[in-house]
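Only one structure is covered here, and it is reproduced in the block below.
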Amino acid sequence: MELTIRGKNVKVSDDRKELIVRKLGKLNHYLEVANEATVELATEHSHKATERLVVEMTMWVNGTILRAEERDSDLSNALDRLHAKMQRQMTRYKERLTQRNKGKTSVGEAVTILEEQPALEQAARELQELAPVKAKTFPLKPMYASDAIEELENVGHDFYVFLNAENDGINVVYRRKEGGYGILQPEKA
């Protein structure tokens, strides 16, 4: 796995790079097909001193993106928690692949399988939380992105799904953390 380390508003020293590689470089043992990963360090102005250092990891695995973020004042603590999050995501990814290959494993069966392994109890609980609780249907009418943003504001949600009148594709507009709006436009892989 190729590990790229970048800094945003912070200088990444050789000591920090060494610590990141030592703590996160072992993740490829959990998932051998991981191609590349990016670790980004950033500092943010926050009222809480414990949340000023942000460590974000993005990993590309066979066209799937696994991403986790941790905040802490201590880089080592943030990396430990980030490692645990990524390990859980990789375990879930492997389980999904196994389910597809086996065929008809339901979410309940996967949770039972995971609960039998003590080290994976947390992953089992998270998988159970991912099971759909409610299905909702709604009409898709063609509209432009600006109209979809107005609808987003009207319904008061963080995102809005619509049929884009410009490209006849199903798109999503969403509110960005930094302010403003974003649009998701899927394309075939």
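No lab work stands behind these numbers, since they all come straight from the coordinates. Quick caveat: nothing in here was measured; it's all calculated off a predicted structure. Don't worry about glycine lacking a Cβ; one is built from the backbone with ideal geometry, like all the others, and counts go over all protein chains shown.
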Legend entry - In nm, spacing of pseudo-spin labels at GLU150 and ARG96 (7 Å Cα→C-beta vector): 3.6 nm
Legend entry - Peptide ranges 9-20, 177-188 listed from the most packed, as the mean C-beta count within 10 angstrom indicates: 9-20, 177-188
Legend entry - Gain in span if fully extended, ILE183 to ARG52, counting 0.36 nm per residue against the direct Cα distance: 44.3 nm
Legend entry - Pair LEU163, LYS141: separation of 7 Å Cα→Cβ label points (nm): 1.1 nm
Inset, instruction - Can you figure out the FRET efficiency of ARG6 with GLU44, using R₀ = 22 Å and their beta-carbon distance, to the nearest 0.05? - result: 0.90
Inset, instruction - Straight distance only, please: which lysines reach the Cα of LYS48 with their own Cα at less than 30 Å, same-chain residues fewer than 8 apart left out? - result: LYS8, LYS11, LYS17, LYS23, LYS85, LYS177
